[in-house]
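Visitor: Here's a structure for you.
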Amino acid sequence: MENLIKQREILKLENITKAFPGVLANDRININLLEGEIHAILGENGAGKTTLMNILYGLYNADEGKIYLDGTPIEIHSPKDAINKGIGMVHQHFMLILQLTIMENIILGKETAKGGILDMNSAEKVVKQYSEKFGLHVNPKAKIMDTSVGIQQRVEILKALYHGANILVLDEPTSVLTPQEVVELFKVIKSLTAKGMSVFFITHKLEEVVAISDRVTVVRDGRVVDTRKTKDTNKVELARMMVGRDVVLTVTKDKVEKGDVVLNIKNLEALDYRNLRAINGVNIQVREGEIVGIAGVAGNGQAELEEVLSGLRKAHKGNIYFKDKDITHISTRDRLRMGISHISQDRLGRGLIVDFNITENIILGDHDRKPYANGLILNFTSILNETEKLIGEFDIRTPSPFLPVHSLSGGNQQKLIVAREFNREPDLLIANQPTRGLDVGAIEFVHNQLLKFRREKKAILLISLELEEIMSLSDRILVIYEGEIIKEFKSSEATKELVGYYMMGGEKKKINHEEMRA
């Protein structure tokens, strides 16, 4: 019976075409959605995936093409039109009001009232019903600002369901989630489709497509390459369709002789925003020609470690040495001048000024130095030449170097940061989540650049939630748990199971339990 239900076409996009100045984002795209299925839309950053879904949700109007719902042509000119037709969308960057509670965010725009007064009791009951029905457990009274990213995503899904969605569009839903939160999200999505909902799942991650989707449509340069049943394809074939060439999915490291110590961290302590200890007695050394990977579950001190090393957060205790020079209390600007580059996990808050254009973001931190400036006068020719070179070299998809950064996709924003920081040719690179939001082709490129830096005797501290990335690139792996380095592995000794064991606390957790019993 389930297979028969899944064969019913409930949504069809026919010959959808959308052009922006200088770029054809969607070129006569045809795609459909069956009832109860998870249909993945796979493509590189800038391939046109999000544009297509924004047309379906009414954020853009198509230049050409038609949309059919249950075989009937419909017109969608706004998100309100989409919501009224049962189409909900969870965006890559959440659309929530941080100061409001979970319940207030969910009911916003569909409030119920008695005698002109909001009926919050009825609303709370309905929210709890949806929460229990779909396994999306939340505290309705908690403020959004006090919740994790994973909970916020649940709120976005609950909001769509509360507003009557039976078709759900998830735009890069795992880009900001921990591996554990991804597992939970997949359970939720499968429970939704088991109850008859249909899901468009936008992604550039091959393993996610294979893990969760029933069908997959590959989009490249605004056009559909092919649509396949997921069970009839594999990651290698999907990568080839996605990028247009064979992609190397495994990393091969050359043997590189390690040199002098570049970064030396001694007994480092740092506090979080609540003045609680986030980094506790950390000791790390990184040598020339070495990639040292920091593995850990999100929230175990990685963000604070990145910020202290880059000068964005003060050290509470301990010392940081760069080439034997104590830089513990040196500014971010001075660290940059000394040859330390930094890729932040928070690309919008720390890595970019989103209202500035691409050229302005490329020169951030070097805007007063040659070749970008002569004294107080900017050298616009040099700035533009360097920007265009990096746009080509790092495949930043944009119609113009003067486009505001907030107009770029998340993946292209990440490429911009990586391009700028690599272009500084630092002696030390602190890279936190350098491939977050990137497609398989861009990840391959960034990994090759990191290995090139390694061959050139640069020192790299790599912080990543992607365990496979840590294991394939690192010479040594340090596991961080509750702000402490609790285990070190040579890459040749590490396995996913062993590293994962320590990421969850390992022997330290056992010791803590024994201490508590004592």
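The values are calculated or read from the model by the stated rules, or taken from the named source; none is laboratory data. Just so it is clear, the structure is predicted and the values come from calculations on it, not from any experiment. Here Cβ is always computed from backbone atoms with ideal geometry, including for glycine, and neighbour counts include all displayed protein chains.
Visitor: Please work out which residue is farthest from His204 (Cα to Cα), limiting yourself to the stretch 28-51 and to residues that are at pLDDT below 95 and not in a loop (DSSP other than H, G, I, E, B).
Guide: The extreme case among them is Thr51.
Visitor: A follow-up question, please. Pick from Val292, Val248, Val297: which is in the same structural domain as Ser492 (by TED's automatic domain parsing) and under 24 Å from Arg454 (Cβ atoms)?
Guide: The conditions single out Val292.
Visitor: Also, quick follow-up: Answer yes if at least one residue in the stretch 421-438 is over 27 Å from Arg287 (Cα atoms) and either over 23 Å from the mean Cα position of the chain (by Cα) or assigned by TED's automatic domain parsing to the domain that holds Glu306 (or both), and no otherwise.
Guide: Step one: of the stretch 421-438, the residues over 27 Å from Arg287 (Cα atoms) are 437-438.
If we keep only those that are either over 23 Å from the mean Cα position of the chain (by Cα) or assigned by TED's automatic domain parsing to the domain that holds Glu306 (or both) too, we end up with 437-438.
Checked against the condition, which is being over 27 Å from Arg287 (Cα atoms) and either over 23 Å from the mean Cα position of the chain (by Cα) or assigned by TED's automatic domain parsing to the domain that holds Glu306 (or both), the stretch 421-438 yields at least one hit.
Visitor: Restricted to the stretch 361-399, and to residues that are touching a Pro at 6+ places or on another chain (Cβ under 8 Å) and of a type outside the set (A, V, I, L, M, F, W, C), which residue is surrounded by the most Cβ atoms within 10 Å (Cβ to Cβ)?
Guide: Taking the candidates together, the pick is Thr387.
Visitor: Being in contact with a Ser or Thr (Cβ under 7 Å, 6 or more places away or on another chain) and either crowded, with 21+ Cβ neighbours inside 10 Å or farther than 27 Å from Val499 by Cβ (or both) is the filter here; which residues of the stretch 293-314 pass it?
Guide: Gly293, Glu306, Gly311, Leu312
Visitor: Looking only at the stretch 279-303, count how many residues are touching a Leu at 6+ places or on another chain (Cβ under 8 Å) and over 20 Å from Glu181 (Cβ atoms).
Guide: 10
Visitor: Taking the stated definitions as given, is Ile460 over 19 Å from the mean Cα position of the chain (by Cα) and either part of a strand (DSSP E or B) or at pLDDT below 95 (or both)?
Guide: Against the criterion (over 19 Å from the mean Cα position of the chain (by Cα) and either part of a strand (DSSP E or B) or at pLDDT below 95 (or both)), Ile460 qualifies.
Visitor: Are there any pairs, at least 6 apart or on different chains, whose C-beta atoms fall under 7 Å, with the first in the stretch 437-460 and under 16 Å from Gly411 (Cβ atoms) and the second polar (S, T, N, Q), and if so, which?
Guide: Gly437/Ser175; Gly437/Gln414; Leu438/Asn45; Leu438/Gln414; Asp439/Asn45; Ala442/Asn45; Ile443/Thr435; Val446/Thr435
Visitor: When only residues in the stretch 475-518 that are among the charged types (D, E, K, R) and part of a loop (DSSP other than H, G, I, E, B) count, which is modelled with the highest pLDDT?
Guide: Filtering first and then ranking leaves Asp475.
Visitor: Give all pairs with beta carbons closer than 9 Å in which a residue from the stretch 145-162 that is closer than 18 Å to Gly88 by Cα meets a residue that is of a type in the set (Phe, Trp, Tyr) and part of a helix (DSSP H, G or I); count only pairs at least 6 apart in sequence or on separate chains.
Guide: Leu158/Tyr130; Leu161/Tyr130; Tyr162/Tyr130
Visitor: Let me confirm something: among Pro399, Pro371, which residue is under 22 Å from Asp221 (Cα atoms), not assigned by TED's automatic domain parsing to the domain that holds Val446 and not in a helix (DSSP H, G or I)?
Guide: Going through Pro399, Pro371 in turn, the sole match is Pro399.
Visitor: Mind telling me which of the residues Ser131, Ser148, Ser122, Ser78 ends up being among the polar types (S, T, N, Q) and modelled with pLDDT of 85 or more?
Guide: It is Ser78.
Visitor: Next up: If I ask for residues that are buried (at least 19 other Cβ atoms within 10 Å of the Cβ), touching a strand residue (DSSP E or B) at 6+ places or on another chain (Cβ under 9 Å) and of a type in the set (Lys, Arg), which ones from the stretch 143-192 would you list?
Guide: Lys159
Visitor: While we're here: Of the residues Ile202, Ile212, Ile189, which is out of contact with any Pro (no Cβ under 6 Å at 6 or more places or on another chain), touching a residue at least 12 places away in the same chain (Cβ under 8 Å), among the β-branched types (Val, Ile, Thr) and under 27 Å from Lys141 (Cα atoms)?
Guide: Matching residue, one of Ile202, Ile212, Ile189: Ile189.
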